[in-house]
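Down below is the structure, laid out as structure tokens.
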């Protein structure tokens, strides 16, 4: 079994074991088994980084086995510089989620942990798949565990949120399915991505395909104006669900743009880049402003996610190395930072059972250690130099200025809005005198929460101070992608 | 000339006929309420027949018997094999249910179900219009009696009446259409009809006139809109064990007669019947999915879901011939066969849950009866969830590959109209996803309703089969290649016999 298969199937195996064996009477054992499984699943992804060969855009750790002979579908896996970090990030976030849900989940613990383990394996599968249908199977299969996670362990309006999540994303991906089958027929019977990358396509066909992919990925990212599901879902999802959703699931969409839209329909991508840039800038600026007026902390971070993902799509569609690499770096950074932001809200929610900003005030007085972490992550969220959040945004802005000064300038305003909504929230929740009895009764974070936040803080700091390992890995792949996209596929 | 009869082609049918009579006799001496002896004999018969058919199928030979009245080909053999297995599973799920409702007394239950299967076999094997019609009548007459088996139950009797009247009407349509085609071509033999039509010596108007009636008759049997009215009432009104008997194995036979009549018999008229199927498919997808949303009764919801699924199935049937070429035939009809087989497997799981949750005096057929099922039994909830996701076409469940195969055959035809049709089909299945998800919601997100039994009293054999059934939905979803190749090869062998 190859390393990538191991990375995909280890968490799924643990997930199935958890589903089959666990009972709520042995919740403690279930939690430890889940943690063991998550750590083990992360460890098996580490060789992917240590054995990764730098400086080549070729796919590595390739596995290619026939899967469905009749449709010429292959179990074709591989990693390049763009996808490598997401595999590690997914496995890492999975550990954090298990730790975060240690105490807050008391009902059907085995199903909760099992769903997250399976989800983690499926998402790694999305990043590793090099076959169009295999990608789609993993991409769609993630909906099932997430639907159950939101619906079973979510908040009061969980059913609405679960349905909205499922149907909204299904709408987009069904159109993509038609596009995939169309490409299969057009390419003479192949689901291989590399074959599709070389397939010449006429301009109207490219436009149709581009928008079919757009339907799937823009909803997932989510881009303005199809972002409305995200705040609803985040608010109702349990803390772990929100963290995985923001940290990894949104990236599936952005990753799809890089693997499908850009290389398969490069001419349509260039033709419609203006639209993508416009939508991205609206996400960055307008949604940033929307975030500022939110009363609910989770909603605020959800809108902030939309704004940050706007940076990612902006970076992709300005077609220069800084922009694309910056977009990918921003995806990784946002994975750490948004997960941390949601976990911080989760820490407060576990104690007070409210996400309203107005229910807090002066938390720093009763939870000083926690407030320090929260401040750090808030700074990372507004892109303070020295944190992970800065690197990607700065690269995208730089790329934007290279492309067109005004676009760069417009994107840069996001740093101001980002600082405004994040810091204002921080001020209202953490600073000032103790607001009420709930806050007065708060106890500071325990060792488990400390560990979880420390792990994330270390990652955010390391990436901010020393982003070289992240950017080095992707350089060759990004340049190769851009070289490919620059060549017209019209015949 | 005894050899030319090729008895070998009908051995399974003979076994079924003999055993149906033997079991009726044996039952006279069996007194236990669960009818263990006759049940075991029935399962044994079905297992023998299934193995025999699978053996024939792996031989891959196409053998005609009785002066080309019947045919034994890989497609038919596999369909008969799966039909026997489907009936076996139905009986495992349905026996306790039927026993609780006093339906096993008298022993007709097993005998009638074997006769109904015999009808299915004859339909599938028939290579002559009258033989096919005879099989259809044998199957439906047994089904009418099965639906009416609870004669003291008002809804069951009502359902039986509806089923009988509309079923007889549909048979009339079919027979009338077939007689028209006989009048035009002068033959009842499937192959000769094909040649007569292909020779273009036959009056086209008469043929199309007959064809309309044949398609209408088939649409009745499939439950395609606008001939679907009977289906929800019968599904809801019939005792659930019988609903499953009508809803599972007969769909395989319906596919087979579509193949025998429309493809093997009248492929040169494809341009005409494809248009009719398109109307039926679009109507079924739309009405089935929209009406299912409004249902509160689970059996009725599954009935409308069947209508919608048949719409998807018809899309595959109409994609076989494009622009006068048959190069897409194998992939399209192979997709249709895969669709039907996986649909039957999924239906078995879904109705199996309803059957096993029911108990004396309680039907468990409202959607709310499933509430909080995950807390009462994670296994049952898990299997039902797999069935629902499979029907909705979400990967990695087998229903996804069925839809994928249909989409592939539509797009492979290269027709822009079919591209629009496939976009319409996926949008319709998006609507469908809503009501399937609602069932999952009720089981997983809602708390159990007050008054629902917390303990589930299913027998161990039924539990094991249910787990296997649900597991298959997932395993076939992870590795659908084998079944797809099986369907593709079977259809390829059939397409080869067509005279072009």
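Brief remarks on what is shown
- When each of B:417, B:399, B:471, B:451 is tested for being away from chain A (no Cβ under 11 Å), under 16 Å from residue B:314 (Cα atoms) and more than 20 Å from the chain's Cα centre (by Cα), the lone residue that passes is B:417.
- Some residue of the range B:374-385 being in contact with a strand residue (DSSP E or B) (Cβ under 9 Å, 6 or more places away or on another chain), touching a residue at least 12 places away in the same chain (Cβ under 8 Å) and surrounded by fewer than 24 Cβ atoms within 10 Å (Cβ to Cβ): no
- Only one entry in A:171, A:133 is assigned to a helix (DSSP H, G or I), within 11 Å of another protein chain (Cβ to nearest Cβ) and in contact with a strand residue (DSSP E or B) (Cβ under 7 Å, 6 or more places away or on another chain), namely A:133.
- Checked against (1) touching a helix residue (DSSP H, G or I) at 6+ places or on another chain (Cβ under 8 Å); (2) at pLDDT 90 or above; (3) under 18 Å from residue B:349 (Cα atoms), residue B:486 passes all but a single condition, namely (3).
- Unique match (being touching a residue at least 24 places away in the same chain (Cβ under 8 Å) and at positive phi) among A:392, A:464, A:400, A:386: A:386
- Matching residues in the range A:417-435 - criterion: being part of a helix (DSSP H, G or I) and in contact with a helix residue (DSSP H, G or I) (Cβ under 8 Å, 6 or more places away or on another chain): A:417, A:418, A:420, A:421, A:422, A:423, A:424, A:425, A:426, A:428, A:429, A:430
- Only one entry of B:285, B:280 meets the criterion of being modelled with pLDDT of 90 or more and under 30 Å from residue B:206 (Cβ atoms), and that entry is B:280.
- Pairs meeting the criteria (first residue in the range A:474-486 and within 12 Å of residue A:82 (Cα to Cα), second residue exposed (fewer than 15 other Cβ atoms within 10 Å of the Cβ), beta carbons under 6 Å, at least 6 apart or on different chains) are A:476/A:55; A:476/A:56.
- Residue within the range B:456-467 that is crowded, with 19+ Cβ neighbours inside 10 Å, more than 8 Å from chain A (Cβ to nearest Cβ) and in contact with a strand residue (DSSP E or B) (Cβ under 8 Å, 6 or more places away or on another chain) present: no
- The range A:147-167: number of residues that are part of a helix (DSSP H, G or I) and facing chain B (nearest Cβ under 10 Å): 12
- Going through (1) within 14 Å of another protein chain (Cβ to nearest Cβ); (2) in contact with a helix residue (DSSP H, G or I) (Cβ under 8 Å, 6 or more places away or on another chain); (3) closer than 26 Å to residue A:145 by Cα one by one, residue B:491 falls short only on (3).
- Unmet requirement for residue A:122, which otherwise passes all of (1) more than 15 Å from residue A:42 (Cα to Cα); (2) within 14 Å of chain B (Cβ to nearest Cβ); (3) touching a residue at least 12 places away in the same chain (Cβ under 8 Å); (4) assigned to a helix (DSSP H, G or I): (1)
- Residues satisfying the stated conditions in the range B:472-495, i.e. closer than 30 Å to residue B:194 by Cβ and free of Cβ contacts under 8 Å to residues at least 12 places away in the same chain: B:485
- The single residue among B:406, B:423, B:340 that is closer than 25 Å to residue A:167 by Cα and either more than 10 Å from chain A (Cβ to nearest Cβ) or touching a residue at least 40 places away in the same chain (Cβ under 8 Å) (or both) turns out to be B:406.
- Any chance residue A:60 is over 17 Å from the mean Cα position of the chain (by Cα) and buried (at least 23 other Cβ atoms within 10 Å of the Cβ): no
- Options A:55, A:81, A:22, A:2; residue that is within 14 Å of chain B (Cβ to nearest Cβ), modelled with pLDDT under 90 and either farther than 15 Å from residue A:112 by Cβ or in contact with a helix residue (DSSP H, G or I) (Cβ under 9 Å, 6 or more places away or on another chain) (or both): A:22
- Filtered residues of the range B:57-98 (kept if over 17 Å from the mean Cα position of the chain (by Cα), more than 22 Å from residue B:20 (Cα to Cα) and part of a helix (DSSP H, G or I)): B:57, B:58, B:59, B:74
- Any chance residue B:394 is under 25 Å from residue A:122 (Cβ atoms) and more than 10 Å from every other protein chain (Cβ to nearest Cβ): no
- Complete set of residues in the range B:426-447 that are farther than 19 Å from residue B:395 by Cα, within 7 Å of another protein chain (Cβ to nearest Cβ) and outside any loop (DSSP other than H, G, I, E, B): B:444
- Unmet criterion (only one of (1) touching a helix residue (DSSP H, G or I) at 6+ places or on another chain (Cβ under 6 Å); (2) under 20 Å from residue B:288 (Cα atoms); (3) surrounded by 22 or more Cβ atoms within 10 Å (Cβ to Cβ)) for residue B:367: (3)
- Selection status of residue A:182, touching a helix residue (DSSP H, G or I) at 6+ places or on another chain (Cβ under 9 Å) and closer than 30 Å to residue A:65 by Cβ: yes
- Subset of the range B:352-376 (residues that are under 20 Å from residue A:111 (Cβ atoms) and either away from chain A (no Cβ under 13 Å) or part of a helix (DSSP H, G or I) (or both)): B:353, B:370, B:373, B:374, B:375, B:376
- When the test is whether a residue is part of a helix (DSSP H, G or I) and either surrounded by 24 or more Cβ atoms within 10 Å (Cβ to Cβ) or under 14 Å from the mean Cα position of the chain (by Cα) (or both), residue A:218 passes it.
- Residues that are part of a helix (DSSP H, G or I) and away from every other protein chain (no Cβ under 14 Å), drawn from the range A:176-203: A:193, A:194, A:195, A:196, A:197, A:198, A:203
- Candidates B:381, B:349 - the one that is away from chain A (no Cβ under 11 Å), within 26 Å of residue A:122 (Cα to Cα) and in a helix (DSSP H, G or I): B:349
- In summary, residue A:480 fulfils each of the numbered conditions (1) part of a helix (DSSP H, G or I); (2) closer than 29 Å to residue A:369 by Cβ with the single exception of condition (2).
- Looking across A:342, A:316, A:376, A:336, one residue alone is crowded, with 22+ Cβ neighbours inside 10 Å, modelled with pLDDT of 90 or more and closer than 15 Å to residue A:459 by Cα. It is A:336.
The values are calculated or read from the model by the stated rules, or taken from the named source; none is laboratory data. Bear in mind the structure is a predicted one, so any value in this text is a computation, not a measurement. In this analysis, Cβ positions are derived from the backbone assuming ideal geometry, glycine residues included, and neighbour counts consider all displayed protein chains.
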